[in-house]
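Trainee: Could you have a look at this structure, given as structure tokens, before my questions?
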């Protein structure tokens, strides 16, 4: 009861000792009935960085974000966000974080300006400061000319800029963005990410979920989620270095034939076609992967250029999710 | 201070949205006007011009005088003269007339000797109101001309009609209609208020801001209080102009009673809004509440005539208490201090509904 009325003062930041993290979660779990949407997730999100959640739909990205901003109570585990307990101190936390929902959640029957004004008032920003901040945001997000237009009539990119402007209105220290670019064209996505880097430079921590690989690479750090489990995390570089596979790129004149032949390699993790090229992933414990691939192609009588390459983000994503698949199948096979 | 800013923010936003929602805006003015005209004209218990036919077997000076007098009352419209009582009965059976007047051939003698009823009224008793009117007709003292030397019969009981001397239904209906219209619109408007935000996805953003539940509820209620008062003014003003329903008591007391009644309905609407999952559900719940309000509150039928269980239910409905208040103040000119128990009942209802709504509303999604 009291927590809905009162504004219990935020507890003193307790986590100064353990480095500078905006978010620390341990064993975060959320069940909906029998379904485990988020399963035992640990997170360490450093302050002032852009942290990505990469995963397909239904991997638990939204549920995790909602637990971190206090909208959902974890079934077990806990999260410290900006030094506050995301469950207990949710109300105090709300003044410090900005949250951008997956679905456009501002008022479509209000204009851009009215929406921003409403948000400014709800955060009780003093009038003069509010006006200044609104002008600043309108011009930063190129919305000044359209400020009297109703939000419902805006394009996907404009809506998303408005939503980001609204989420940053009260200068939050932490931004939680739930698939902010899912309804936005590529050039708008570029602009959007420029804005995110600007915010990070100004000191904000940003947690952004996405299912675009190219966006994930832009993050300082990212976590890959698969069916509610965090399967990998780290910087894009370190993820590539620690990947469990070798990545071989094959350039063949007859890519179709090469594709068929390579499918026969035992314990192949993945085989991806990129136009005339093929990317083959082979488990790390196989000593000379390039030789295996070239031998296979030679046996099939296919001429090709073969080379081992550094894994890109898609390779990493495929590797961690496929390897997990293999493991769980192995476990299922072991079970009596 | 910050709390006030946030309440104001919600109010301001509600008003902006309201001014852009033409349907709702139309309902604010349209519902009271349509209801007022419908109920004011259609629901009419002072029945006039009942279709009637008559058979005059006496065909005397006296009987013709009687027919003329009956016609002059305007209670019945004697459209048709038939030859026999059988034909009269046929017309009644067919539903062509509601009342039949049968004058026997020895009418003059019966009038003079006064030993038996002089004439018969055949009445379609399926409608109790018509029956009542016809019975009233039987009591009309017929003024026969002085030559016949008859004095009108003296009635046993004299009825004195207070507050509504002309017996017009509009006098009874217009003030109560304030309550009916406010119940319908106020519960509906706030009933969909929070559900709509949930359906459109706005709620997830809203509950992530520092706005408190109480602030959100108050911010949603206050604009509608103003709208409710506008509706009150529309009904009473139009009631006065078209139906000549005067306000006997103090206008301020009408306002006070309406204010607390509006709050009760808005609080109930918010409670519905926290329970309903969709706007459609909210509307269904509103009508689930609206129907007993109309039937049991004394708007349609006298409260005293209802069985005890119905009276018990009626006591829980805000409209029952408001009907007593508004009829008292508007029609009888009673001071509100004499009806404080009704005010208390409405205040208690508001407090309970609002508390439940605040308790039920959670700033979480689980």
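The values are calculated or read from the model by the stated rules, or taken from the named source; none is laboratory data. The structure displayed is predicted, hence computed values, not measured ones. Backbone-built Cβ (ideal geometry, glycine too); neighbour counts: all protein chains shown.
Trainee: Does residue A:156 fit the bill of being on the phi > 0 side of the Ramachandran plot and away from every other protein chain (no Cβ under 14 Å)? Steps first, answer last, please.
Mentor: Numbers: on the phi > 0 side of the Ramachandran plot: no; away from every other protein chain (no Cβ under 14 Å): yes.
Criteria not met by residue A:156.
Trainee: On to the next question. What do you reckon, is residue B:101 on the phi < 0 side of the Ramachandran plot, more than 14 Å from chain A (Cβ to nearest Cβ) and crowded, with 19+ Cβ neighbours inside 10 Å? I'd like the intermediate steps shown before the answer.
Mentor: Numbers: on the phi < 0 side of the Ramachandran plot: yes; more than 14 Å from chain A (Cβ to nearest Cβ): yes; crowded, with 19+ Cβ neighbours inside 10 Å: yes.
Judged against the criteria, residue B:101 is a match.
Trainee: Can I ask one more? Does residue A:137 satisfy the condition of being buried (at least 17 other Cβ atoms within 10 Å of the Cβ) and either touching a helix residue (DSSP H, G or I) at 6+ places or on another chain (Cβ under 7 Å) or in a loop (DSSP other than H, G, I, E, B) (or both)? Write out each step before concluding.
Mentor: Values: buried (at least 17 other Cβ atoms within 10 Å of the Cβ): yes; either touching a helix residue (DSSP H, G or I) at 6+ places or on another chain (Cβ under 7 Å) or in a loop (DSSP other than H, G, I, E, B) (or both): yes.
When the stated conditions are applied, residue A:137 passes them.
Trainee: I'd like the residue in the range B:320-366 that is outside any helix (DSSP H, G or I) and away from every other protein chain (no Cβ under 14 Å) and, out of all such residues, is surrounded by the most Cβ atoms within 10 Å (Cβ to Cβ).
Mentor: Our first condition is that a residue be outside any helix (DSSP H, G or I); within the range B:320-366, this holds for B:333-335, B:361-366.
With the extra rule that they be away from every other protein chain (no Cβ under 14 Å), the set shrinks to B:333-335.
Details: B:333: 14, B:334: 18, B:335: 11.
Looking at residues that are outside any helix (DSSP H, G or I) and away from every other protein chain (no Cβ under 14 Å), I get B:334.
Trainee: Now, a different point. Take the range A:253-273 and flag every residue that is over 14 Å from residue A:304 (Cβ atoms) and either assigned to a strand (DSSP E or B) or not assigned by TED's automatic domain parsing to the domain that holds residue A:325 (or both). Before the answer, list the steps.
Mentor: At the first step, the residues of the range A:253-273 found to be over 14 Å from residue A:304 (Cβ atoms) are A:263-264, A:266-270, A:272.
Listed by number, the residues that qualify are A:270, A:272.
Trainee: Can you spot a residue in the range A:72-79 that is out of contact with any helix residue (DSSP H, G or I) (no Cβ under 9 Å at 6 or more places or on another chain), facing chain B (nearest Cβ under 9 Å) and modelled with pLDDT under 95? Outline the logic, then answer.
Mentor: The initial filter retains those residues of the range A:72-79 that are out of contact with any helix residue (DSSP H, G or I) (no Cβ under 9 Å at 6 or more places or on another chain), namely A:75-76, A:78.
Narrowing the set further to residues that are facing chain B (nearest Cβ under 9 Å) leaves none.
Checked the range A:72-79: no residue is out of contact with any helix residue (DSSP H, G or I) (no Cβ under 9 Å at 6 or more places or on another chain), facing chain B (nearest Cβ under 9 Å) and modelled with pLDDT under 95.
Trainee: Please pick out the residue among B:281, B:311 that is in contact (Cβ under 8 Å) with a residue 24 or more places away in the chain, over 16 Å from the mean Cα position of the chain (by Cα) and farther than 22 Å from residue B:228 by Cβ. If you could, list the steps in order and put the result at the bottom.
Mentor: Values: B:311 fails: in contact (Cβ under 8 Å) with a residue 24 or more places away in the chain.
Checking each option against the conditions leaves just B:281.
Trainee: Where in the range B:186-293 are there helices (runs of 4 or more DSSP H), lying wholly inside it, with at least 1 residues that are away from every other protein chain (no Cβ under 14 Å), in contact with a helix residue (DSSP H, G or I) (Cβ under 9 Å, 6 or more places away or on another chain) and at pLDDT 90 or above? So that I can check it myself, show each step before the final result.
Mentor: Numbers: elements: B:202-206, B:213-243, B:251-275.
Ranges flagged: B:213-243, B:251-275.
Trainee: Also, quick follow-up: With (1) more than 26 Å from residue B:242 (Cβ to Cβ); (2) surrounded by 15 or more Cβ atoms within 10 Å (Cβ to Cβ) as the list, and residue B:31 as the residue in question, which single condition is left unmet?
Mentor: (1)
Trainee: Please state which one of A:287, A:304 is more than 20 Å from the chain's Cα centre (by Cα), buried (at least 19 other Cβ atoms within 10 Å of the Cβ) and more than 24 Å from residue A:56 (Cβ to Cβ). Step through it out loud before you land on a result.
Mentor: Values: A:287 fails: buried (at least 19 other Cβ atoms within 10 Å of the Cβ).
Being more than 20 Å from the chain's Cα centre (by Cα), buried (at least 19 other Cβ atoms within 10 Å of the Cβ) and more than 24 Å from residue A:56 (Cβ to Cβ) holds for just one of A:287, A:304, which is A:304.
Trainee: Please note which helices (runs of 4 or more DSSP H) are completely contained in the range B:1-119 and include at least 2 residues that are over 30 Å from residue B:174 (Cα atoms). If you could, list the steps in order and put the result at the bottom.
Mentor: Working: elements: B:2-20, B:22-42, B:61-72, B:85-94, B:107-113.
Answer list for the range B:1-119: B:2-20, B:61-72, B:85-94, B:107-113.
Trainee: Got a number for residues in the range A:233-252 being part of a loop (DSSP other than H, G, I, E, B) and farther than 30 Å from residue A:295 by Cα?
Mentor: First, pick out the residues of the range A:233-252 that are part of a loop (DSSP other than H, G, I, E, B): A:235, A:242-244.
Next cut, farther than 30 Å from residue A:295 by Cα only: A:235.
Within the range A:233-252, residues that are part of a loop (DSSP other than H, G, I, E, B) and farther than 30 Å from residue A:295 by Cα number 1.
Trainee: Also: Being buried (at least 21 other Cβ atoms within 10 Å of the Cβ) and in a strand (DSSP E or B) is true for just one of A:98, A:77. Which residue is that? Write out each step before concluding.
Mentor: On the way: A:77 fails: buried (at least 21 other Cβ atoms within 10 Å of the Cβ).
Of A:98, A:77, the one residue that is buried (at least 21 other Cβ atoms within 10 Å of the Cβ) and in a strand (DSSP E or B) is A:98.
Trainee: Now, a different point. Going through A:86, A:92, A:37 one at a time, which residue ends up being farther than 30 Å from residue B:19 by Cα, within 10 Å of chain B (Cβ to nearest Cβ) and crowded, with 19+ Cβ neighbours inside 10 Å? Spell out the reasoning first.
Mentor: Working: A:86 fails: within 10 Å of chain B (Cβ to nearest Cβ); A:37 fails: within 10 Å of chain B (Cβ to nearest Cβ).
Among A:86, A:92, A:37, only A:92 is farther than 30 Å from residue B:19 by Cα, within 10 Å of chain B (Cβ to nearest Cβ) and crowded, with 19+ Cβ neighbours inside 10 Å.
Trainee: Moving to a separate point now. Tell me yes or no: at least one residue of the range B:5-15 is closer than 30 Å to residue B:216 by Cα, within 14 Å of chain A (Cβ to nearest Cβ) and loosely packed, with under 14 Cβ neighbours inside 10 Å. Even if it seems obvious, please write down each step before you answer.
Mentor: First, the residues of the range B:5-15 that are closer than 30 Å to residue B:216 by Cα: B:5-15.
Pick out the ones that are also within 14 Å of chain A (Cβ to nearest Cβ) and you get B:5-15.
Applying the additional criterion that residues be loosely packed, with under 14 Cβ neighbours inside 10 Å yields none.
Checking the range B:5-15: not a single residue is closer than 30 Å to residue B:216 by Cα, within 14 Å of chain A (Cβ to nearest Cβ) and loosely packed, with under 14 Cβ neighbours inside 10 Å.
Trainee: Exactly one of (1) surrounded by fewer than 18 Cβ atoms within 10 Å (Cβ to Cβ); (2) under 30 Å from residue B:92 (Cβ atoms) is unmet by residue B:53. Its number?
Mentor: Status for residue B:53: all satisfied but (1).
Trainee: Being within 30 Å of residue B:90 (Cα to Cα) and touching a helix residue (DSSP H, G or I) at 6+ places or on another chain (Cβ under 9 Å) is the filter; apply it to the range B:16-47 and report the residue that is nearest to the other protein chains (Cβ to nearest Cβ). Spell out how you get there, then give the answer.
Mentor: Within the range B:16-47, the subset within 30 Å of residue B:90 (Cα to Cα) is B:42-47.
If we keep only those that are touching a helix residue (DSSP H, G or I) at 6+ places or on another chain (Cβ under 9 Å) too, we end up with B:43-47.
Values: B:43: 38, B:44: 42, B:45: 45, B:46: 47, B:47: 49 Å.
Once the filter is applied, the top-ranked residue is B:43.
Trainee: Let me ask something additional. Which ones in the range A:120-133 are more than 7 Å from chain B (Cβ to nearest Cβ) and buried (at least 17 other Cβ atoms within 10 Å of the Cβ)? Quick ask: steps written out before the conclusion?
Mentor: Initial filter on the range A:120-133 (more than 7 Å from chain B (Cβ to nearest Cβ)): A:120, A:125-133.
Once the filter is applied, which keeps residues that are more than 7 Å from chain B (Cβ to nearest Cβ) and buried (at least 17 other Cβ atoms within 10 Å of the Cβ), the range A:120-133 yields A:120, A:125, A:130, A:133.
Trainee: Look through the range A:140-151, keep the residues that are within 14 Å of another protein chain (Cβ to nearest Cβ) and surrounded by 14 or more Cβ atoms within 10 Å (Cβ to Cβ), and return whichever of them is farthest from residue B:209 (Cα to Cα). Break it down stepwise before answering.
Mentor: Quick first cut of the range A:140-151, residues within 14 Å of another protein chain (Cβ to nearest Cβ) only: A:148-151.
If we keep only those that are surrounded by 14 or more Cβ atoms within 10 Å (Cβ to Cβ) too, we end up with A:149-151.
Working: A:149: 24, A:150: 22, A:151: 19 Å.
Top of the filtered list is A:149.
Trainee: In the range B:61-74, what count of residues is obtained for those that are in contact (Cβ under 8 Å) with a residue 24 or more places away in the chain and within 28 Å of residue B:93 (Cα to Cα)?
Mentor: Number of matching residues: 8.
Trainee: When you go through B:208, B:265, B:202 one by one, which is the residue that is buried (at least 17 other Cβ atoms within 10 Å of the Cβ) and in contact with a strand residue (DSSP E or B) (Cβ under 7 Å, 6 or more places away or on another chain)?
Mentor: On the way: B:265 fails: in contact with a strand residue (DSSP E or B) (Cβ under 7 Å, 6 or more places away or on another chain); B:202 fails: in contact with a strand residue (DSSP E or B) (Cβ under 7 Å, 6 or more places away or on another chain).
Just one listed residue meets the conditions, B:208.
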